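Just so you know, all these numbers are worked out from the coordinates, no wet-lab data involved. Computed from a predicted structure; not experimentally measured. Cβ coordinates were reconstructed from backbone atoms using ideal geometry, including for glycine residues, and neighbour counts include every protein chain displayed.
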Ligand SMILES: *Cc1c(COP(=O)(O)O)cnc(C)c1O
């Protein structure tokens with residue numbers, strides 16, 4: 001069955017190229033890939049396995065279930081971290097699937113150590129990571145808690161996490177002094193940890209953090225957004241390229257004979273002669289986020305505005321401009337409207353226009369009933 005839904009095209013080769021760009025910039029630090037939330041909605045299994053083929057060996061997930069779903073394609077030698085930790089009772093399965101929980105509270109540390117002892121495993125057999133808070137107040141041990149752990153050398157060595165991490169709160173604000181404060185706190189504690197446990201990896205920077213400077217790179221960097229095409233340099237040209245485009249099929253097309261009110265709430269008044277196209281895709285597909293206010297798309301190369309309100313399953317566009325070009329009307333079946341592309345309607349452009357975070361625009365596509373097409377590097 002070929003259902004008439006939108007098509008989300010994901011250029012996985014471009015994701016891989018972006019990863020290589022970031023990795024070259026961060027070298028000699030290790031470059032991981034953050035593929036949480038199904039790789040920001042674009043497909044963690046497909047993207048993860050291609051990044052693995054390109055040499056990526058460290059992957060970050062948020063939840064246990066999303067990691068389980070993508071783990072098989074990532075190779076036994078990759079390190080897969082669970083940013084949200086491991087659910088109580090799932091510890092054994094996590095270890096069996098070689099998932100590494102990020103312990104972000106004292107309760108999580110204690111629960112992990114207790115479980116590990118009861119399972120008769122040591123730190124090498126059941127690896128964990130530790131996250132501490134340097135100024136975001138979301139997840140992570142408080143500084144005082146980390147210091148207390150470090151004060152007891154033996155118990156730190158019993159814990160022996162493979163990775164110590166923190167997260168920047170304002171890395172997209174290049175000149176905000178909070179970045180330096182967080183960096184200095186991070187490295188002050190990191191240096192003490194390294195003295196006790198030289199093999200541990202230190203990690204601080206997300207996409208924007210990586211481009212704040214080398215002094216943020218530590219041993220391992222954690223890009224997410226940059227891999228998916230968001231510009232990680234707020235005040236400069238983007239070093240990465242767009243990876244996703246979205247087209248909607250037109251399921252009804254009409255030329256108005258008389259003026260008419262369009263859509264729920266009858267807020268738009270159309271004139272005779274206007275050509276209106278109903279596209280499959282609405283707010284249930286995350287479209288309100290993508291289109292934003294004064295939304296538009298492209299139809300046969302012409303810029304076509306949204307008219308009326310976005311409905312749950314459909315959106316109406318005024319495609320008159322598309323037909324003025326050659327005057328010839330087509331059957332609705334062959335028409336599509338592009339609402340995101342890799343040239344003009346890029347994620348960066350859409351999020352700027354909508355004053356929405358690119359992250360929200362992209363992940364809102366996850367709810368969508370889209371057919372996904374993956375473009376890979378030629379083998
Ligand atoms: C989501 C996330 C990242 C990736 O951030 P981007 O801004 O998308 O690069 C890195 N680290 C942590 C802890 C995260 O939650």
Put in order of increasing Cβ neighbours within 10 Å, starting from the fewest, 370, 40 give 370, 40
Got a sec? How would 304, 336, 170 order by Cβ neighbour count within 10 Å, fewest to most?
-> 170, 336, 304
To two decimal places, what compactness ratio does the range 1-98 give when its Cα radius of gyration is scaled by 2.2 N^0.38 Å?
-> 1.17
With everything on Cα atoms, drop me the angle between helix 12-26 and the longest principal axis of the chain, reported from 0 to 90° to the nearest 10.
-> 40 degrees
Relative to the chain, whose Cα atoms define the longest principal axis, helix 177-196 and its Cα axis are tilted in degrees, nearest 10, by 40 degrees
Would you calculate, for the chain, the mean residue ellipticity at 222 nm contributed by helices, counting each DSSP H stretch of 4 or more residues as -39,500 (n - 2.57) and dividing by all residues, to the nearest 500?
-> -9000 deg cm²/dmol
Between the range 122-163 and the range 198-271, the Cα center-to-center distance that results, in Å | 34 Å
Gain in span if fully extended, residue 4 to residue 373, counting 0.36 nm per residue against the direct Cα distance = 131.4 nm
For the chain: relative contact order, % (alpha-carbon pairs under 8 angstrom, 6 or more apart) | 18 percent
Report relative contact order for the range 244-375 in percent, whole number only (criteria: Cα-Cα under 8 Å, sequence separation at least 6).
-> 31 percent
A correct fewest-to-most ranking of 57, 254 by other Cβ atoms within 10 Å would be 254, 57
Restricting attention to the alpha-carbon atoms of the range 32-228, what are Rg (one decimal) and Dmax (integer), both in Å?
-> 16.1, 49
Given 25 °C and 0.890 mPa s, how large is the Stokes-Einstein diffusion coefficient of the chain in µm²/s, with Rh as the Kirkwood radius over Cα pairs?
-> 108 µm²/s
Write down the radius of gyration of the range 244-375 and its Dmax, each obtained from C-alpha positions, in Å.
-> 14.3, 44
